[in-house]
Each structure stands twice: as C-alpha cells, then as structure tokens.
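What follows is a short report on a single structure.
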Amino acid sequence: MIILLTGTAGFIGFHAARRLLSEGHRVIGIDSLNDYYDVSLKYARLAELKSHENFEFYKVEISDHKALDVAAKDKGVTHILHLAAQAGVRYSLDNPRAYIQANVMGHLNILEFARHSGTVEHVAYASSSSVYGDREDGPFTETDKVRSPASLYAATKLGGEMLAESYQRLYGIPQTGLRFFTVYGPWGRPDMAYFIFTDKIMKGDPITLFAPDEMRRDFTYIDDIVDVLPKILSRPPSSGHEIYNLGNSKPNTLMQLVDAVEAACGRTGEKIILGKQNGDVSNTFADVSAAERDFGFAPKTDLHEGVKRFVEWYMQSSVS
Ligand SMILES: NC(=O)c1ccc[n+]([C@@H]2O[C@H](COP(=O)([O-])OP(=O)(O)OC[C@H]3O[C@@H](n4cnc5c(N)ncnc54)[C@H](O)[C@@H]3O)[C@@H](O)[C@H]2O)c1
C-alpha cells in the first residue's frame, strides 16, 4: 500500500506509521505540528520515523486544501489513514473553531483529495467513542442511535462520519470509520489523564480528579489498536462504508487508573477531588464483536500492564 497518513506526528499516527513501515508499506506522512501539546514530543516521534527509507513527511495544515494537494498529489496514494484532528474534549470549550477547522474542513479536504486522486482505493478515518454521548449503560454497539454528542469535539467526530457516508454514496469512495476508545501507551498524549497523573505524581505535585469513582473509561492499549490497523486499511468494506468500535471492552474507573499509575510509579500522589466537568461523559464501554468478527480484533493488554509500559517509557523519555 502507498498510504497517506494524516496526523503522523500524533500519538496514534506515529505508532500506526511505525507498524505500516515495518510491514513494508510506503507512508506519506502529513501533520500541521500544531502546539495543542508540547511540539517537541511530535518532533521526537518524527525523528524515530524519518530514518525509514519508505517514509516521507510534509508539514501540512489539512484545512488548507491547496497545501494538501501539493504535498499528496502524484504520489500514487492507494490508501488513506486519516487520523489528524483537533482532539480533546475540554479544549473545545475554549477553542471551538479549531475543531471545525481540523475535524470538519480538514476531513472534507481529505475526502476531496480521495475523490479527485484517481488512485485511492480506501479511506479509513478516526472517529471516537464520544459519538455515543453521555450514557450510563453499555456496551455501546455500532448500530446504536448516536444523536446526542455531549461536546463540540463529539459533534465534529459525528459530523466526520456523516461526511464519510455522503462521499461514499456520492462518489463510491470505500470508507471505514474507527471509533477509538481512550487509547493510551508509550509516546502518548500529554493532555490525557494517565500522562498528567504520571507527570504530577513523579514531580510530587497533587493530582486533580473529576468524579473519579463515577467516571469509567474503556482504556485501550495502543499496540492492541495498531495490531489491527493494517488489516482494516488493506480491506475496503464490501458495503462501501463501515464503522467499527476499537476499544478494550473492559471499562475501569478513573480511580482504578490512578491505582495503576501509582503502582507503576511506586509512589502515591496527593488527590484533589472535584465534580464532573462540563462536556465529559461518565462512561465508555465498547462492544467490539464486529471488529473481532471481521478482523480478529482481540485486545489483550490490561490496564495495569499497559500503564506499566507507559510509565517505563516516561521514565526514560527526555520529552517528559
Ligand atoms: N487517543 C485517543 O484516546 C483517541 C480516542 C478517540 C479518538 N481519537 C482520534 O484519533 C485520532 C488520533 O488521535 P491522537 O490521540 O493520536 O491525537 P494527537 O493529537 O496526538 O494526534 C493528532 C495529530 O494531528 C495533527 N493535526 C491536528 N490538526 C491538524 C490539521 N488541521 N492539519 C494537519 N494536522 C493536524 C496534530 O498536530 C497531531 O500531531 C484523532 O482523530 C482523534 O480524534 C483518539
């Protein structure tokens, strides 16, 4: 495959690029390298990839369709793994326009590129568990009604699924939507709870927990996701457009996450307990039977093991 991989300098994009390159595919990576979190981590991820002969990188803002076309055209792109997005729920409360720019306009430009390329056989794109809204029940299945996004981030991810569906129907571009559930691991995102807790506990700072016994997340280890991505990308859905949950299917409370971080750090942290934050959902819980049936998706890393591996990386990383 010749893969246009957006968000290559990001957490999931970096791991996906490494895996695809190791399997012998060609990766054309693009990323805006924005400063939503420490850019040095994005450069450090790119530095790991740049030595690979089948990798090339372009700094591109995907909402700029001309820059995107200049970087990606005439490269014979056969597959697109579209992961670039403005992520995070809380940031969307203060920076709403960043989400529309990246997740709606940017996604449209990727679809337009695919439409006019003449070479793209399949577009797989990142969606999110957040499209399920604020629900106490579970597991969530792909056929559940999703009409109640609890944040602007969730609304733009749901919008991305709708854009994909319309482009499949209009132009016959095969597409697969990937609803990721709280993905974590080495080289992870400094804005996510497991990274913040580790950082503060190791520095002796207090950690702030929002409704820690009520909040449950289906924490999913990065390798379990990356194991299945090449298989998904290489098989366009016969129906034209499919959406899959990619989660661990074993939710843990936020307090259990803290326990795992403290065990891996060998220290306990001072805790400040506050109520639930605006835009946060209480619970995520994936039914992954569709991905298991179609791709043999079988997450195998439990929270303690995954957090241990993250903390080992954090300890030796110069980025943290
Ligand atoms: N990590 C998770 O738990 C999780 C959960 C659900 C969904 N997702 C989705 O998975 C995808 C990857 O997430 P991640 O955790 O790797 O996040 P990330 O922030 O680490 O990676 C996203 C990358 O996209 C780049 N980017 C952002 N806007 C851009 C733009 N307009 N043009 C070009 N590049 C741009 C950023 O610079 C960043 O490197 C995102 O679409 C995200 O919404 C992630």
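The values are calculated or read from the model by the stated rules, or taken from the named source; none is laboratory data. Everything quoted here is computed from the prediction, not taken from an experiment. Here the Cβ positions follow ideal geometry from the backbone for every residue, glycine too, while neighbour counts run over all protein chains shown. These area figures cover heavy atoms from the full protein model, side chains too; ligands, DNA and RNA do not enter into them. Shrake-Rupley method; radii C 1.70, N 1.55, O 1.52, S 1.80 Å.
Quick one: Gly76 ticks every box in (1) assigned to a strand (DSSP E or B); (2) more than 10 Å from the ligand (Cβ to nearest atom); (3) not basic (Lys, Arg) except a single one, so which number is it?
(1)
Give the stretch 190-211 a look and list any residue that's surrounded by fewer than 20 Cβ atoms within 10 Å (Cβ to Cβ) and either basic (Lys, Arg) or away from the ligand (no atom under 14 Å from the Cβ) (or both), or say none.
Asp199, Lys200, Met202, Lys203, Gly204, Asp205, Pro206, Thr208, Leu209, Phe210, Ala211
How many residues, within the stretch 228-254, are part of a helix (DSSP H, G or I) and more than 22 Å from Phe140 (Cα to Cα)?
Start the filter on the stretch 228-254 by keeping residues that are part of a helix (DSSP H, G or I), which leaves 229-234, 254.
If we keep only those that are more than 22 Å from Phe140 (Cα to Cα) too, we end up with 230-231, 233-234.
Here the count works out to 4.
Do you know which residues across the stretch 79-95 are crowded, with 16+ Cβ neighbours inside 10 Å, within 14 Å of the ligand (Cβ to nearest atom) and of a type outside the set (A, V, I, L, M, F, W, C)?
Within the stretch 79-95, the subset crowded, with 16+ Cβ neighbours inside 10 Å is 79-89, 91-92.
Among the residues that remain, those that are also within 14 Å of the ligand (Cβ to nearest atom) are: 80-89, 91-92.
His82, Gln86, Gly88, Tyr91, Ser92, listed by residue number.
Conditions (1) farther than 19 Å from Leu83 by Cα; (2) out of contact with any Asp or Glu (no Cβ under 7 Å at 6 or more places or on another chain), marked per residue:
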| position | (1), (2) |
| --- | --- |
| Gly177 | no, no |
| Val183 | no, yes |
| Lys200 | yes, yes |
| Asp205 | yes, yes |
| Glu214 | yes, yes |
| Asp223 | no, yes |
| Asp227 | no, yes |
| His241 | no, no |
| Leu274 | yes, yes |
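Taking Val131 and the conditions (1) closer than 19 Å to Leu233 by Cα; (2) among the β-branched types (Val, Ile, Thr); (3) buried (at least 22 other Cβ atoms within 10 Å of the Cβ), which numbered condition does it fall short on, given that it satisfies the others?
(1)
Looking at (1) surrounded by fewer than 19 Cβ atoms within 10 Å (Cβ to Cβ); (2) within 17 Å of Met105 (Cβ to Cβ), find the lone condition where Glu56 falls short.
In the conditions (1) surrounded by fewer than 19 Cβ atoms within 10 Å (Cβ to Cβ); (2) within 17 Å of Met105 (Cβ to Cβ), Glu56 misses (2) alone.
In the stretch 10-20, is there at least one residue being more than 23 Å from Leu229 (Cα to Cα) and in contact (Cβ under 8 Å) with a residue 24 or more places away in the chain?
no
Inspect the stretch 47-57 for any residue being of a type in the set (Asp, Glu), closer than 20 Å to Phe113 by Cβ and more than 8 Å from the ligand (Cβ to nearest atom) and give the result as yes or no. I'd like the intermediate steps shown before the answer.
Taking the stretch 47-57 as the starting set, the residues that turn out to be of a type in the set (Asp, Glu) are 48, 53, 56.
Restricting the remaining residues to those that are closer than 20 Å to Phe113 by Cβ gives 56.
The next check asks that each one be more than 8 Å from the ligand (Cβ to nearest atom); those that pass are 56.
Looking through the stretch 47-57, at least one residue is of a type in the set (Asp, Glu), closer than 20 Å to Phe113 by Cβ and more than 8 Å from the ligand (Cβ to nearest atom).
Filter the stretch 99-121 down to residues that are open to solvent by less than 50 Å² (accessible area, probe 1.4 Å) and among the hydroxyl-bearing types (Ser, Thr, Tyr) and give me whichever is farthest from Gly160 (Cα to Cα).
Filtering the stretch 99-121 for residues that are open to solvent by less than 50 Å² (accessible area, probe 1.4 Å) and among the hydroxyl-bearing types (Ser, Thr, Tyr), the one farthest from Gly160 (Cα to Cα) comes out as Ser117.
Please go through the stretch 117-135 and pick out each residue that is in a helix (DSSP H, G or I) and closer than 23 Å to Glu292 by Cα.
Answer for the stretch 117-135, where residues must be in a helix (DSSP H, G or I) and closer than 23 Å to Glu292 by Cα: Ser129, Ser130, Val131, Tyr132.
Please work out if Ser151 is free of Cβ contacts under 8 Å to residues at least 40 places away in the same chain, out of contact with any Lys or Arg (no Cβ under 8 Å at 6 or more places or on another chain) and hydroxyl-bearing (Ser, Thr, Tyr).
no
Out of the stretch 100-122, which residues are of a type in the set (A, V, I, L, M) and away from the ligand (no atom under 13 Å from the Cβ)?
Leu111, Ala114, Val120
So if I check each of Gly138, Gly177, Gly159, which one is in a strand (DSSP E or B) and more than 9 Å from the ligand (Cβ to nearest atom)?
Values: Gly138 fails: in a strand (DSSP E or B); Gly159 fails: in a strand (DSSP E or B).
Residue meeting the stated conditions: Gly177.
In the stretch 310-318, is there at least one residue being part of a loop (DSSP other than H, G, I, E, B), of a type in the set (Val, Ile, Thr) and farther than 28 Å from Glu165 by Cβ?
no
Go through Tyr184, Tyr221, Tyr153 for me and flag whichever is under 25 Å from Ala290 (Cβ atoms), open to solvent by 20 Å² or more (accessible area, probe 1.4 Å) and hydroxyl-bearing (Ser, Thr, Tyr).
Among Tyr184, Tyr221, Tyr153, only Tyr153 is under 25 Å from Ala290 (Cβ atoms), open to solvent by 20 Å² or more (accessible area, probe 1.4 Å) and hydroxyl-bearing (Ser, Thr, Tyr).
So which residues in the stretch 21-44 are more than 8 Å from the ligand (Cβ to nearest atom), in contact (Cβ under 8 Å) with a residue 60 or more places away in the chain and open to solvent by less than 50 Å² (accessible area, probe 1.4 Å), if there are any at all?
Answer for the stretch 21-44, where residues must be more than 8 Å from the ligand (Cβ to nearest atom), in contact (Cβ under 8 Å) with a residue 60 or more places away in the chain and open to solvent by less than 50 Å² (accessible area, probe 1.4 Å): His25, Leu41, Ala44.
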